[in-house]
Amino acid sequence: QVQLVESGGGLVQAGGSLRLSCVASIRTFSLKAMGWYRQAPGKQRELVASISRGSTNYADSVKGRFTISRDNAKNTLYLQMNSLKPEDTALYYCNAEDWSTTYYWGQGTQVTVSS
């Protein structure tokens, strides 16, 4: 079982920045992949960014503004979010996939961008 704990959300003005963190209860280097998803009210949960062995993937809506990274020494996943827009407002979830294709989720951290 993997526990994921997110932090770093908050209220920010449009154009501002936030950095989300996700601490895992196991060594992150042992995971197949990790990622960030978000869900806005009334919308489906969507992939924001993911990272696996040496490769990253981003939703088109965040390319060039968000950066995903992982510090295996700290068992922590990050999402640096710059040039935030009101449409980035959502509950952001950390996700992890292990090698048995089991997925784990954090409890979410709220990001609110005011215009």
Review point. Is it fair to say Ser21 is in contact (Cβ under 8 Å) with a residue 24 or more places away in the chain, in a loop (DSSP other than H, G, I, E, B) and among the polar types (S, T, N, Q)?
Key: no
Revision key, fill the gap. In segment 25-83, anything modelled with pLDDT of 95 or more, of a type outside the set (A, V, I, L, M, F, W, C) and open to solvent by less than 20 Å² (accessible area, probe 1.4 Å) is listed as Gly35, Arg38, Thr76
Practice item. Test each condition in (1) farther than 15 Å from Gly35 by Cβ; (2) in a strand (DSSP E or B); (3) within 14 Å of the chain's Cα centre (by Cα) for Tyr92 and report the one that comes out false. Key: (1)
Review point. Is it the case that segment 33-54 has a residue that's part of a loop (DSSP other than H, G, I, E, B) and touching a residue at least 60 places away in the same chain (Cβ under 8 Å)?
Key: no
Practice item. Name the residue, out of Asp98, Asp88, that is among the charged types (D, E, K, R), modelled with pLDDT under 95 and surrounded by 14 or more Cβ atoms within 10 Å (Cβ to Cβ). Key: Asp98
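The values are calculated or read from the model by the stated rules, or taken from the named source; none is laboratory data. Since this is a predicted model, take the numbers as computed values, not measurements. Because the Cβ atoms are built from the backbone with ideal geometry, glycine has one as well, and the counts that use them run over all protein chains shown. Accessible surface is based on the protein model in full, side chains and every heavy atom, while ligands, DNA and RNA are left aside. Shrake-Rupley method; radii C 1.70, N 1.55, O 1.52, S 1.80 Å.
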